[in-house]
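Just below is one structure, and these are the notes that go with it.
The values are calculated or read from the model by the stated rules, or taken from the named source; none is laboratory data. Keep in mind that this is a model prediction, so the values were computed, not measured. Every residue, glycine among them, receives a Cβ derived from its backbone with ideal geometry; neighbour counts consider all protein chains shown.
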Amino acid sequence: MRVTAAQPEDVSKLLAFREEAAAWLSRLGTDQWQRPYPADKLLETIEAGTVFMVLDGDATAATITLTPDAEAGLWTEQELAEPSLFINKLTVARTHAGQNVGGRLLDWAGDRAYRAGAKWLRLDAWTTNEALQAYYVRLGFEHIRTVREGEAVNGGPRVSGWLAQRATRPCEHGFWDETAAPALLPPGTSR
């Protein structure tokens, strides 16, 4: 399997991929991702170079967004002063479930963040999805706090306020990485 940067022509494929994940999540009894994701916002993140795909032959096995930009209102100014990259929209195809593709992709993200000069790999997970939260904890993320509706600073969340982080480090993830080298983060500049 190989990791590639998503391209603008991948928008419809990635939107369908997310719809598949939303249907699966609904069957599990969670309301996560039940609103359609805006195509223009996805295209914007693809064009910013922050969306990556794991390909198994021609099939999309997983996707992840890895960005220096934090969701508004979640992290404190002190936390944002620490060099960090943020994970969003990690999704694994049901055809590849149970194969540790998500864990390996998190290792890839941690390795990439390390090479970019980040101290932390951070994420915000769906507040009510306890199974997802437990998954991240099993993979070495430390729960920092949960920001609930109305508690966010400067207009932050809504429903995705379970915050966690793990230190970045070089990792053997087993993917063939076809992406460009990550841009180095300026010291003390998470956004």
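For the reader, a short list of remarks on this structure follows.
- Any hit, segment 148-165, residues being at pLDDT 95 or above, in contact with a helix residue (DSSP H, G or I) (Cβ under 8 Å, 6 or more places away or on another chain) and either polar (S, T, N, Q) or under 28 Å from Lys13 (Cβ atoms) (or both): no
Conditions tested, residue by residue: (1) of a type in the set (Ser, Thr, Tyr); (2) surrounded by fewer than 16 Cβ atoms within 10 Å (Cβ to Cβ); (3) outside any loop (DSSP other than H, G, I, E, B).
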position	(1), (2), (3)
Leu43	no, no, yes
Gly49	no, yes, no
Val54	no, no, yes
Ala62	no, no, yes
Thr65	yes, no, yes
Leu74	no, no, no
Leu85	no, no, yes
Leu90	no, no, yes
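- Answer residue from segment 19-41, given it is surrounded by 12 or more Cβ atoms within 10 Å (Cβ to Cβ), assigned to a loop (DSSP other than H, G, I, E, B) and on the phi < 0 side of the Ramachandran plot and is modelled with the highest pLDDT among those: Tyr37
- Members of segment 99-136 found to be out of contact with any strand residue (DSSP E or B) (no Cβ under 6 Å at 6 or more places or on another chain), over 24 Å from Pro186 (Cα atoms) and either in a helix (DSSP H, G or I) or in contact (Cβ under 8 Å) with a residue 12 or more places away in the chain (or both), listed by number: Gly103, Arg104, Trp126, Thr128, Asn129, Glu130, Ala131, Ala134, Tyr135
- Residues located in segment 42-65, provided they are under 11 Å from Asn88 (Cβ atoms) and not hydrophobic (A, V, I, L, M, F, W, C): Thr45, Thr50, Thr63, Thr65
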